[in-house]
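The block underneath contains the structure these notes are about, expressed in structure tokens.
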Amino acid sequence: MKIIDRPLYLDRLKRLYGTPDIKIVTGLRRSGKSELLRSFVNYLKESYTDTNIIRIDFGDLMFDSLKNYKSLYDYVEKMYDDSLKNVLIVDEVQLCEKFELAINSFHNSKNYDIYLTGSNAFLLSSDLVTLFTGRFIEIPIYPFSFEEYCSYFDIDRDYSEHLQDYLAIGGLSGSYVYDNKEDRAAYINDVYKTLIKRDLIDRYNLSDEALLDNLAEFLMDNISNLTNANNISKVLNYNNIATNHVTIGNYIKYLCNAFMFYKVKRYDIKGKKYLGTNDKYYLSDLSFRYAILGVRNIDYGRAYENIVAIELLRRGYDIYVGTLYQKEIDFVAMKGDEKIYIQVSDDVSSEKTMQRELDPLLSIRDAYPKMILSNTKHPMSLIDGVKHIDIARWLMKDES
């Protein structure tokens, strides 16, 4: 399998090297967490001669005897070299019973620079504070972006045409080795089933796998639509799938915990407050949608909106659905002092459609940047101070 550099993540690990925090790489199953750490190990070996790298991969039978915290502790201490800088890297850490006891001990000793990955359902953001007594930094990793997809396949032109392929093929690079569409879909289905069964059904001891499947498929089919647990439970009950809003709310939380979906809340732009009812759920990678639901009747507008949502998260923004005077802005993206308002559309070639996308942006009275992303296939233009950018160029970080 071809390996490409992922500087967005690798550069962050390089910056964090030597800091006292526990570094924890999180993200969707098969999104490249282990491969990222392999690249980081190669970087350390090439850049430093005074480093002792202790690498443990609990997915490898070689380390099967270390799957309890005492054995892990004894092994790492045996490998410690007080004449060098000791870097501890543990893959699939959740497979070690009571791993947190050993990791906290290593951290408290201040002898190790620690990096971890693990199955998302066993190493959740919400659990990290409880698991680790010392300070930690979470490094989220996502499936391949469109830019990474183009790099993998050596694409350097006609980005808009290739974006259509990316919608269906997606960013799970493990599927790229298969030339046949059915084989790629089988790979994606295997990832999905493993996530549902091992990461969620087993982790939370859920009794209704069929309900979880139906809920996941409903959310896939309704990406970018405002909804809530109560409405979803009504729809499922109407289709003879017995459930209630409490169960649906819990199951949605589990799917988000496994990084299958990302919840985006609404934000009142005028009142500068977050709204508690109706959220949007975006799929971590569109390949799941098309492998499981099929590619008939693709709604490109909603698919583009999903891709933009994940790309904004990948770039480090907090994102919200903006509301202003009963109008909706697809994204209010915030990072530090930065704020961007974004509308996403498939085709705004008609004057009526363009005005529909412009009106909510022009109603915003502050001076933060505003943009419309659509499939223009043309260079950027400016309309009443609003940037109109081709979505493929924007995904390639080219706003010209």
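The values are calculated or read from the model by the stated rules, or taken from the named source; none is laboratory data. Everything quoted here is computed from the prediction, not taken from an experiment. Here Cβ is always computed from backbone atoms with ideal geometry, including for glycine, and neighbour counts include all displayed protein chains. In case anyone asks, the SASA skips ligands and DNA or RNA and just uses the protein heavy atoms, side chains included. Shrake-Rupley method; radii C 1.70, N 1.55, O 1.52, S 1.80 Å.
What the table below lists for this structure:
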| quantity | calculated |
| --- | --- |
| Stretch gain in nm, segment Lys377-Ser47, where the contour uses 0.36 nm per residue and the Cα spacing is subtracted | 114.6 nm |
| Relative packing of 242-255, 276-289, 75-88, which averages over residues the other C-beta atoms within 10 Å, highest first | 276-289, 242-255, 75-88 |
| Amide N proximity, segment 239-261 versus Tyr204 label position 7 Å along Cα-to-Cβ, cut-off under 19 Å | 241-261 |
| Spatial separation of Cα centroids for segment 1-72 and segment 367-390, in angstrom | 40 Å |
| Normalised per residue, the volume of the convex hull around the Cα set of segment 196-319 (Å³) | 125 Å³ |
| Option label - log10 I(q)/I(0) by the Debye sum over Cα atoms at q = 0.10, 0.12 Å⁻¹ computed here, alternatives (i) -0.64, -0.93; (ii) -0.74, -1.05; (iii) -0.83, -1.03 | (ii) |
| Computed [θ] at 222 nm, helices only, for the chain once each DSSP H run of length n ≥ 4 contributes -39500 (n - 2.57) | -12000 deg cm²/dmol |
| Angstrom value of the Kirkwood radius, inverse mean 1/r, which spans all Cα pairs in segment 124-257 | 17.7 Å |
| Sequence ranges 179-190, 382-393, ranked by mean other-Cβ count within 10 angstrom, highest first | 382-393, 179-190 |
| Rg over Rh [alpha-carbon atoms, Kirkwood Rh] for segment 195-248 | 0.97 |
| Chain lengthening between Asp11 and Lys397 when straightened (0.36 nm per residue, less Cα-Cα) | 137.2 nm |
| Kirkwood Rh, angstrom, segment 91-199 [1 / mean 1/r, Cα pairs] | 16.9 Å |
| Angle between the chain longest axis and helix 159-169 axis [Cα atoms, degrees, rounded to 10] | 60 degrees |
| With every protein chain in place, the chain: carbon and sulfur % of accessible area (1.4 Å) | 47 percent |
| Share, in percent, of DSSP beta bridges within the chain that are antiparallel, nearest 5 | 40 percent |
| Debye intensity ratio in log₁₀ form over the Cα atoms of segment 1-111, taken at each q of 0.17, 0.20 Å⁻¹ | -0.90, -1.25 |
| Approximate spin-label separation Arg135-Leu293, in nm, with each point projected 7 Å along Cα-to-Cβ | 4.3 nm |
| Dipole magnitude of segment 227-363 about its Cα centre (Cβ charges: Lys, Arg +1; Asp, Glu -1), debye to nearest 20 | 480 debye |
